[in-house]
Amino acid sequence: MSDNAKKDDVIVLGGREFKRVKNGLDEAQVAPFIDELTKERDKLAQSQDHIASLNRLAEMAVVEADKLAAQIKTEAEEQAKAEGTAIIDKAKEQARQMAEQKISEAVEIANEKANAIQAKAEEEAALMLEHERNKIRSELHNLVNQQFGYMLEELESLKKQAAAVQAEFDNKLAKPGEENSAAAVEIAKESDAIAAKITEESDAIAAKIAEESYAAAAKIAEESDILVAEEKDTAAEEITEERYTTVAEQKDTAAEEITEERYTTVAEQKDTAAEEITEERYTTVAEQKNAAAAEIAEERDATFTEQSKAPVEYPEPSQTADYIAKSLDLSKLFEGGDKPDLGNPQWEVEILPPFDIGKIMEVVSFLDQLPEVENTEMIVPQIDMPSILVFLRGPMNLVDVLQAVPVVAHVEEATTDKAATNGESGKGPRKVRISLSENTTAKEKK
Amino acid sequence: MSNNAKKDDVVVLGGREFKRVENGLDEAQVASFIDELTKERDKLAQSQDHIASLNRLADWHSRHC
């Protein structure tokens, strides 16, 4: 309804004043129309306000939506970042596991190949060592035969000298008493000189054989080192090429292991070869020495037997006995083989390396000259060190005696061995270890 | 301006007929006021139509974009 306020000549319709005039418009019709128009306008205005508020609300919603979108975007970025990091970590872990697996497989393959190469190299090294060993053994055998021939020649020469001495002796025996005695003494001296010469030459030959054996062994060792080094270099190059794609640390580890094992194997093989060569050398030298000594002793005994059977005037008994005793001592010095049964030895003298045949024989000779010593026996075992068995006639402290020997540098008694007393049979001998001086004279030892 | 069509005893204002009576309202004032109200109403209606068009455009945009 309109808020009309009537006055006399003025009427208010829709908040507007209208004058009354003569012959004017009908108020009853105008008022509803104005009221209708006003309502429509108000309604549209209200709708406009509503739309404006909706716009403000929409703007606020847009702002909030922008904020929310920014927040969601930030959260999404963070979440994507975290998920991306997790995916990358997972991928890295998978890649690492795959790499480790591949590396382990490659290392396993490389190890198998390296083992095969190593086995092949060891086999070849063993074959080379065996070949070199046979070669040196053959050379050593030839050398020994050569030296043996040389010694035989020397013995032939000595035989001739002995025959000359015998002839001279026979000539002098035809002369009377004193001359014969003097001749016998002279012959004995000459025999001693010859025996000393034989001893000296035998020692020289033995020393020469020992030096040549040492030189041969050194040559074997050197050639073996060269061959093994070449083999090792070849194997190392092959291993390096085949393992090129694998991890360097694994390769180094495998190479070190291979090198260590190869060194160990080669060292063991070298030691074994050296031991065998040493054993062969000592066995050969001892056999040669024993054979030569036996032959000399036999010849000497035969010579003196013939001389003793000669139907001529004999020299003085004391001089003859002395002569025979010296000769027997000389032959006994070189005896190495058949000996009478003397029971158990009272002492065993173990000789520590380095060995020198001449000095060992000097020790044996020294012991044989002692009145308390019944006999000595040289033992050259296959593995252990050589030793001298001493058979005594009576009590004697061998440790003190050996300390007086010029070529002995050090003497010690092995206290852990079984106790034995002089002359007691059925128990093991007392053991004493000696080491020989490198370049010895009695003066230097003092 | 109003599209009034005058007859003898009837006046048309804003598309509506009004009778003339003795001691009635001033026709000029009533016509001016009706014209003003009509313009305001038309303007608001036009604005509302414009907003409605924008809404339809927004709906179409949201559906197709």
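Values in this text are rule-based calculations from the coordinates and carry no lab data. Bear in mind the structure is a predicted one, so any value in this text is a computation, not a measurement. Methodologically, a virtual Cβ is constructed for each residue, glycine included, from the backbone with ideal geometry; neighbour enumeration extends over all protein chains shown.
At-a-glance table
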read-out	value
Tilt relative to chain B, helix B:27-64 - C-alpha long axis, 0 to 90 degrees, to 10	10
Descending semi-axes in Å of the stretch B:10-64, equivalent ellipsoid built from Cα gyration tensor	41, 10, 5
Rg/Rg_ref, the stretch A:10-54, where Rg_ref = 2.2 N^0.38 Å and atoms are Cα	1.56
Trypsin sites (Lys or Arg not before Pro) lying in DSSP loop within the stretch B:7-65, provided at most 12 other Cβ fall within 10 Å	B:Lys7
Placed amide H near A:Val373: partners under 5 Å, 5+ positions off or other chain	A:Arg393
Exercise: per-residue mean of other protein chain Cβ atoms within 10 Å, B:9-17	3
Relative pair counts by distance (%), Cα atoms of the stretch A:65-186, 5 Å bins	2, 7, 6, 5, 5, 5, 4, 5, 4, 4, 4, 4, 4, 4, 3, 3, 3, 3, 3, 3, 3, 2, 2, 2, 2, 2, 1, 1, 1, 1, 0, 0
Fully extended contour minus Cα-Cα distance, from A:Ser138 to A:Ser104, at 0.36 nm per residue	7.3 nm
A:Val12 paired with A:Leu54, simple spin-label distance in nm, labels 7 Å along Cα-to-beta-carbon	3.5
